[in-house]
Amino acid sequence: MKCKKKTKVLLVPYPAQGHVTPMLKLASLLVNHGLNPIVIIPNFIKINNNVNNISIMSIPDELDQDGLIITSSSPTPRDFFAIENFMENYMPCEFERLVRALQLVVEDGIVCLIVDLLASWAIEVAKKCGIDQVAGFWPAMLATYGLIDSIPAMLHDGIISETGSPLHNGPICLSLDQPTLSPQDLPWLIGNSIARTSRFKFWIRTMERTRTLKWLLINTFQDECPKAQLQNTTNLINTQIIPIGPLNTHVTIKNSSFWEEDSTCLNWLDKQVASSVLYISFGSWVSPIGEAKVNSLALALEATKRPFIWVLGPSWRQGLQKGYLERISKQGKIVSWAPQMDVLQHEAVGCYLTHCGWNSTMEAIQSKKRLLCYPIAGDQFVNCAYIVQKWKIGVRIDGFGVKDLEGGLKKIMNNDGMSERLDKLNEMTMGKVASCKAMDNLTTFLSDVRM
């Protein structure tokens with residue numbers, strides 16, 4: 001029996017905060033179009049089960065709520081490889097069961113599946129279950145996708161080896177209108193040689209699975225996707241690239257954080273001088289920084305005597321010097337997790353020390369805050385290159401010594417032209433014209449899917 005109607009849209013994000021949040025925002029927009037979005041997440045992610053009329057469905061993943069593998073005799077922390085292992089070897093079977101069950105509900109059918117490209121395993125499940133309408137979702141900027149997409153060309157041109165290692169020390173620039181990257185800034189070059197090779201293989205497998213997608217929704221703005229840029233993604237001949245972002249400007253999602261936000265920092269900000277506070281956050285995965293750098297940054301922040309708010313989880317605070325929290329109690333405030341948009345939009349915040357994650361970058365532009373950049377992994381190096389070289393709204397620092405921090409702050413706060421550039425970039429990416437175009441693109445996509 002055929003379904004009388006089809007309104008269900010299944011959305012599968014990669015299970016990390018920076019991926020789940022934009023997917024939830026996309027789902028919220030689908031509600032406005034009369035659709036019934038269902039976001040599929042693994043059990044270890046704990047968020048509100050009814051966010052903005054979005055259905056949240058969990059599937060078993062063998063990870064507990066803290067992201068620990070619970071099937072081994074000695075649980076190990078969640079990391080990229082633990083998540084990849086369960087995404088590839090466990091979650092497809094559970095997701096297939098869920099899809100089959102949803103397909104049995106004859107009153108309402110599945111319109112399409114929207115898959116975060118980092119969760120490309122779900123594309124194979126869709127094929128197996130006969131879901132023809134599958135769209136990819138890229139939660140970052142098109143330039144990062146273009147870099148990953150250019151792996152075959154970089155292999156052919158001898159820029160990288162068969163394992164993804166750089167073969168020369170010169171700068172990498174894929175087109176004349178893009179900023180340059182260091183060879184060490186390639187997104188898969190994280191960890192030791194074995195980890196780097198594994199990440200490189202992950203990206204190759206991801207791109208191979210996504211070649212046949214008809215649509216690719218990009219969480220970026222229209223001006224980042226000119227025809228010349230689209231032509232550089234030569235491996236997506238039959239895929240429509242559709243910019244629908246930045247999603248943070250189109251919809252607000254409450255209670256979407258994996259962790260409880262500490263709102264007391266807002267009361268603390270109310271007592272500070274305008275534009276005096278440095279806000280520090282390296283996203284949800286701070287571990288690549290390491291304890292030594294955390295301590296170095298802590299001492300540098302203290303030495304600047306500038307007021308600051310620092311997002312730092314309890315486990316990382318244990319490595320701080322004895323008495324540090326007491327010493328800086330009047331100068332700064334350390335919280336486990338912050339209501340980031342509220343913090344960034346507060347008049348007391350003058351600068352944001354960031355890892356350059358795409359969501360954080362867009363939120364900073366939305367709030368018109370200058371950026372002190374310390375990229376750590378993945379797409380953050382590409383984002384940083386645009387922030388520093390092309391948009392000129394931030395400065396990159398390479399360490400957390402006192403001179404590094406003070407020098408970076410001096411450059412960024414004494415740059416009179418930066419405010420004007422932030423205003424122009426804010427209008428270009430999030431102004432009325434840009435927002436209308438993004439929503440028109442989404443409407444056109446949904447009309448295409450429903451045909």
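The values are calculated or read from the model by the stated rules, or taken from the named source; none is laboratory data. This is a predicted model, so every value here is computed, not measured. No Cβ is skipped: glycine too gets one built from the backbone with ideal geometry, and neighbour counts run over all protein chains shown. Surface accessibility is based on the protein's heavy atoms, side chains included, excluding ligands, DNA and RNA. Shrake-Rupley method; radii C 1.70, N 1.55, O 1.52, S 1.80 Å.
Could you say whether any residue in segment 51-62 is modelled with pLDDT of 95 or more and over 18 Å from the mean Cα position of the chain (by Cα)? No - not one qualifying residue is present in segment 51-62.
Kindly indicate whether any position in segment 76-83 is modelled with pLDDT of 90 or more and not aliphatic (A, V, I, L, M).
Restricting attention to segment 76-83, the residues satisfying the condition of being modelled with pLDDT of 90 or more are none.
No: zero hits.
Residues that are under 26 Å from Gly313 (Cβ atoms), open to solvent by 80 Å² or more (accessible area, probe 1.4 Å) and at pLDDT 95 or above within segment 234-285 comprise Asn267, Asp270, Lys271, listed in sequence order.
Are any of the residues in segment 100-116 in contact with a strand residue (DSSP E or B) (Cβ under 9 Å, 6 or more places away or on another chain), basic (Lys, Arg) and either farther than 19 Å from Ile204 by Cα or not in a loop (DSSP other than H, G, I, E, B) (or both)? Can you show your working first?
Going residue by residue through segment 100-116, those that are in contact with a strand residue (DSSP E or B) (Cβ under 9 Å, 6 or more places away or on another chain) are 102-103, 105, 108-116.
This time we only want the ones that are basic (Lys, Arg), so: none.
No.
All told, Lys368 meets the bar of being within 26 Å of Ala16 (Cα to Cα) and either modelled with pLDDT of 95 or more or touching a Pro at 6+ places or on another chain (Cβ under 8 Å) (or both).
Taken over segment 153-194, the criterion of being under 15 Å from Ala385 (Cβ atoms) and either surrounded by 14 or more Cβ atoms within 10 Å (Cβ to Cβ) or among the aromatic types (Phe, Trp, Tyr) (or both) is satisfied by Ile172, Leu174, Gln178, Pro179, Leu181, Ser182, Pro183, Asp185, Leu186, Pro187, Leu189. Take the conditions (1) touching a helix residue (DSSP H, G or I) at 6+ places or on another chain (Cβ under 8 Å); (2) more than 26 Å from Leu24 (Cβ to Cβ); (3) touching a residue at least 24 places away in the same chain (Cβ under 8 Å); Ile123 misses just one of them, which is (2).
What's the total number of residues in segment 305-325 that are loosely packed, with under 15 Cβ neighbours inside 10 Å and within 28 Å of Met413 (Cα to Cα)? Spell out the reasoning first.
Here is the first cut: in segment 305-325, the residues loosely packed, with under 15 Cβ neighbours inside 10 Å are 305, 314-315, 318-319, 321-323, 325.
When the remaining residues are screened for being within 28 Å of Met413 (Cα to Cα), the result is 305, 325.
Selection size over segment 305-325: 2.
Total residues in segment 399-409 satisfying the condition of being open to solvent by 20 Å² or more (accessible area, probe 1.4 Å) and in contact (Cβ under 8 Å) with a residue 24 or more places away in the chain: the figure is 4. Is there a residue in segment 87-105 that is open to solvent by less than 20 Å² (accessible area, probe 1.4 Å), closer than 30 Å to Thr361 by Cα and either touching a His at 6+ places or on another chain (Cβ under 8 Å) or not acidic (Asp, Glu) (or both)? Looking for residues that are open to solvent by less than 20 Å² (accessible area, probe 1.4 Å), closer than 30 Å to Thr361 by Cα and either touching a His at 6+ places or on another chain (Cβ under 8 Å) or not acidic (Asp, Glu) (or both), one finds at least one in segment 87-105, hence yes. Being closer than 14 Å to Asp379 by Cα, open to solvent by 40 Å² or more (accessible area, probe 1.4 Å) and either out of contact with any strand residue (DSSP E or B) (no Cβ under 7 Å at 6 or more places or on another chain) or outside any strand (DSSP E or B) (or both) holds for only one residue in Arg205, Arg199, and it is Arg199. Within segment 419-440, being within 21 Å of the chain's Cα centre (by Cα) and either at pLDDT below 95 or within 20 Å of Leu217 (Cα to Cα) (or both) holds for Met428, Thr429, Met430, Ala434, Ser435, Ala438, Met439. Looking across segment 340-356, the residues that are open to solvent by 10 Å² or more (accessible area, probe 1.4 Å) and either over 18 Å from Lys271 (Cα atoms) or under 17 Å from the mean Cα position of the chain (by Cα) (or both) come down to Gln340, Met341, His355.
Select from segment 106-142 the residues that are over 16 Å from Leu213 (Cβ atoms) and buried (at least 24 other Cβ atoms within 10 Å of the Cβ) and list them in ascending order. Passing the criteria: Ala140, Met141.
For the structure I just gave you, tell me whether Ile412 is under 29 Å from Asp149 (Cα atoms), in a helix (DSSP H, G or I), open to solvent by less than 10 Å² (accessible area, probe 1.4 Å) and not acidic (Asp, Glu). Don't jump to the end; show me each part of the working.
Numbers: under 29 Å from Asp149 (Cα atoms): no; in a helix (DSSP H, G or I): yes; open to solvent by less than 10 Å² (accessible area, probe 1.4 Å): yes; not acidic (Asp, Glu): yes.
No: the conditions fail for Ile412.
Reported count of residues in segment 206-223, each being touching a Phe, Trp or Tyr at 6+ places or on another chain (Cβ under 9 Å) and either of a type in the set (Lys, Arg) or modelled with pLDDT under 95 (or both), is 1.
Note on segment 329-359: residues that are assigned to a loop (DSSP other than H, G, I, E, B) and over 24 Å from Lys411 (Cβ atoms) amount to 6.
Among residues of segment 415-447 being among the basic types (Lys, Arg) and either without any contact (Cβ under 8 Å) to a residue 60 or more places away in the chain or in contact with a Gly (Cβ under 9 Å, 6 or more places away or on another chain) (or both), the one that is surrounded by the fewest Cβ atoms within 10 Å (Cβ to Cβ) is Lys432.
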